[in-house]
Amino acid sequence: MSIVKNVAIVGHASKGKTTLAEAMLNVAGVTERMGKIADGNTVSDSDAEEKKRGVSISSSVLQFTYDNTKINVIDTPGLFDFALGQAEGLRAADSAIVVVSARSGIAAGAEKAFKDAGKKGMARIIVTSKMDDDRADFYKSFNGLVAKFGTAMCPVVVPILNGGKVAGYYNMIDDTSYVYDGVHKKASDVTHDDQARFDAIKEVFAEAVAGADDELMEKYFEGEPLTKEDKIKGLSQGIADGTVVPVFALSGLTGVGVDMLLDFIKDCCPAPKAEYAIDSNGEPVEITVDENAPLAAVCFKTVADPFIGKLNYFKVVAGKIVQGLSVVNSRTGKEERVGKVVTILGTKQTDAKEIPAGEIGAVVKLDGFKTGDTMCTSAKVVTLDGVAVPTPCYSMAINATKKGEEEKIANAIAKIIEEDPSIAYKANNETRQTVLSGLGEQHLDVCLSKLGAKYNVTATLSQPKVAYRETITRKVSAQGRHKKQSGGHGQFGDVFIEFEPYDTEKLEFAERIVGGSVPKNFFPAVEKGLQESMEKGVLAGYPMVGVKATLYDGSYHPVDSSEMAFKMAASLAFKAGIADASPVLLEPIVTLNALCNDEAMGDIIGDINKRRGRVLGMNPTGDGMQEILAEVPESEMTTFATSMRQITQGRGSFTTAFARYEKCPEHIAQNVIAEAAQEN
């Protein structure tokens, strides 16, 4: 089996991830010149939306060979609105390169990516990019990394400062100083401004590497110098078990230092490793990386494009994907035959003979597979871990610009959801709106742009309506009398009904008729008339809840009375009685479970209070984070996702779940009633 290294490039937006990916391709000899984001000609960001916005909005796979090693890079978006791309990259890769700016330090996206990769047990590398910037300060950045993430930080490539400027780079592994001509390096004896600081950071490296292995630690304490082979051994072991996080200074824009990063990936990053899956009996089973074993592969990304068709990207853990092979989707249990198999470089597809264990590749035009599914064989059905798809947290009502195009929009969004399952689309029958949900304003904006560009249909967004309820607060009695004479048989129904508050959502119907004033055969008609009336309250037309109606008297006509007449009479009694029973508006309350960084907790609680929320409790979760449990009116939550992101700088997350209905404050109820009156 050939040597394969799978790495994801992650971090905050606009810190140099895509630029680094371009430099890696150029240094590896894949491209003749580096593409630039500003010019819209990078291999990674080839989507029209990415070119227009100048940012990555989806993950991009770049497969190439460097020094006889197959390297698969997944370049991921840094904007939180497009967090699915990072989740895809972390599922497919075995190592994560976290990019931070040597100029501005650790941003929220880098911190989150570092922690997410750590939770998955991945090897982590930190790249301090933008070393070409005059304001770059590697040593300040490195100290910030140690302060934030601890002493596992291990400086592997550091800048040589001469006259206050970067004069070259020192590689701790081969103990050599280098200067660059373009992307090509040569050894140099360039000297340092601050030899004491340089000696100190060399010592940090030596301690970190020696600490990863008992033999090396003994050698280090005995004062023996560590050889290049010793260092590679210690780094390989330390990065695999998480005790060492290598740090590289480089410039993605110029490509300087990128060759040393590629050498490190080749020599030290872990190869694909065994994973646990669930077998057909629900039992855990270890899947080893063996191309001769039964197939087990996870679909980590899907492209569903009207122009290029459907493409499913797979990471193969065991076995191999070969064209013509009969495979099973463990989620659906359905068999399918593999079509064309390809390797990927951005949008470029190259036909491949197979995708063996440990490798990444794509299959063209599979019908039943979606992101997160496991491909296996009928002889051994297993389910691997899927992709951690982010939960949609920002919702808007979507409306077709042209009448009659609602179905066209629904079909187009279904296609978009195939490649972006962090979008949700749902019809709300109660508010008569269709709601589009995603991870933020930009996320939904891109979705609308795709509707127009790829599916030739346009739509607008508006605030989603809240599903209020109405109820009564006191007991009343009311008469409903329906009498109509129009030649021949007339219509007659007469009822007396008692209405009272009751602790049920649906109507509670009872009767205590004495002496047959209303015949029993008309009771169902009375109940049906009341149930239909409950669908529309008297205040703002919202459904009624919490009502008990007791039919206690009435009268009938032996000829003119009918089910329809008593149904109408019940409806009249309902309108008269409910209006007199001190009706009130109820608003939905949601349980909010928010996770935020310690320093943002006070501001988040303040924001919740401004939204009429009640904080129920707080719980430190460790790692500098706090869990906040609260109850908030649903109507106040429309902008919470945006506020949460701003206050926590993207470090926070939250989920909501319906809790119950509560009486709406009078001033808010009056606004809702007035709006409903205007609409009607």
Query raised in the report: Within region 474-555, which GluC sites (Glu not before Pro) sit in a loop by DSSP and count at most 15 neighbouring Cβ atoms inside 10 Å?
Result: GLU505, GLU535
Query - region 4-268: translational diffusion in µm²/s, Stokes-Einstein, Kirkwood Rh over Cα pairs, 10 °C, 1.306 mPa s - result: 86
Requested in this report: Tabulate in residue order the Karplus-calculated ³J(HN,Hα) for region 597-609, using 6.51 cos²θ - 1.76 cosθ + 1.60 with θ = phi - 60°, rounded to whole Hz; enter x for Gly and Pro.
Outcome: 6, 3, 5, 9, 4, x, 5, 5, 4, x, 5, 4, 4
Report summary line: The long-range amide H neighbours of ASN6, using H built 1.01 Å from N in the peptide plane and a cut-off of under 5 Å, are ASN72, ASP94, SER95
Query raised in the report: If r is the Cβ-Cβ distance from ALA187 to ASP623 and R0 is 60 Å, what FRET efficiency results, to the nearest 0.05?
Result: 0.90
Query raised in the report: Any idea what angle helix 138-149 forms with the longest principal axis of the chain, computed on alpha-carbon atoms, 0 to 90 degrees, nearest 10?
Result: 50
Query raised in the report: For the cross-link pairs LYS130/LYS202; LYS273/LYS450; LYS70/LYS219; LYS484/LYS528; LYS548/LYS663; LYS315/LYS380, which exceed 27 Å when the distance is taken from alpha carbon to alpha carbon?
Result: LYS273/LYS450; LYS70/LYS219
**Report entry** Relative exposure of THR302, THR374, judged by other C-beta atoms within 10 Å (fewest first)
**Finding:** THR302, THR374
Requested in this report: Classify region 447-507 as rounded, prolate or oblate from the Cα gyration tensor: take a ≥ b ≥ c as the square roots of its eigenvalues, call it rounded if a/c is under 1.5, otherwise prolate when a/b beats b/c and oblate if not.
Outcome: oblate
Requested in this report: Give the angle, between 0 and 90 degrees and rounded to the nearest 10, that separates the Cα long axis of helix 228-241 from the longest principal axis of the Cα atoms of the chain.
Outcome: 10
Query - Placed amide H near LYS301: partners under 5 Å, 5+ positions off or other chain - result: TYR313, GLY372
Query raised in the report: Any idea how far apart ASN593 and ALA510 come out in nm if each label point goes 7 Å out from Cα toward Cβ?
Result: 3.9
Report task. Relative to the longest principal axis of the C-alpha atoms of the chain, give the angle of the C-alpha long axis of helix 17-27, reported between 0 and 90° and rounded to the nearest 10°. Result -> 40
Report summary line: If amide H atoms are modeled at 1.01 Å from N in the peptide plane, then the residues at a separation of 5 or more from VAL244, or on another chain, having amide H under 5 Å from its own are ILE239
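What does the charge dipole of region 394-462 about its Cα centre add up to, to the nearest 20 debye, if the Cβ of each Lys and Arg holds +1 and the Cβ of each Asp and Glu holds -1? The partial results should precede the final answer.
Numbers: 8 positive and 9 negative charges, 46 e Å.
The calculated dipole for region 394-462 is roughly 220 debye.
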Query - Tensor-based shape of region 1-90 (alpha-carbon gyration tensor, a/c under 1.5 rounded, otherwise prolate or oblate) - result: oblate
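Can you sort THR642, THR42 so the residue with the fewest Cβ neighbours within 10 Å comes first? Can you show the working numbers first?
Details: THR642 13, THR42 24.
Ascending Cβ contact count within 10 Å gives the list THR642, THR42.
With a ≥ b ≥ c the root eigenvalues of the C-alpha gyration tensor of region 234-350, is it rounded (a/c under 1.5), prolate (a/b larger than b/c) or oblate? Working shown, then result.
Working: a/c = 2.72, a/b = 1.40, b/c = 1.94.
Oblate.
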Query raised in the report: Mind listing the phi-derived Karplus ³J(HN,Hα) values for region 173-180, rounded to whole Hz, using 6.51, -1.76 and 1.60 with θ = phi - 60°, and x for any glycine or proline?
Result: 5, 9, 6, 9, 8, 10, 10, 10
Report summary line: Phi-derived 3J(HN,Hα) across region 616-630 with the Karplus relation (6.51, -1.76, 1.60, θ = phi - 60°), rounded Hz, x for Gly and Pro, is 9, x, 9, 8, x, 9, x, 6, x, 10, 10, 9, 10, 10, 8
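Any read-out appearing in this document is the output of simple, stated calculations on the displayed coordinates, not a laboratory observation. Quick caveat: nothing in here was measured; it's all calculated off a predicted structure. A quick note on method: Cβ atoms are made from the backbone with ideal geometry, for glycine too, and the neighbour counts reach across all protein chains shown.
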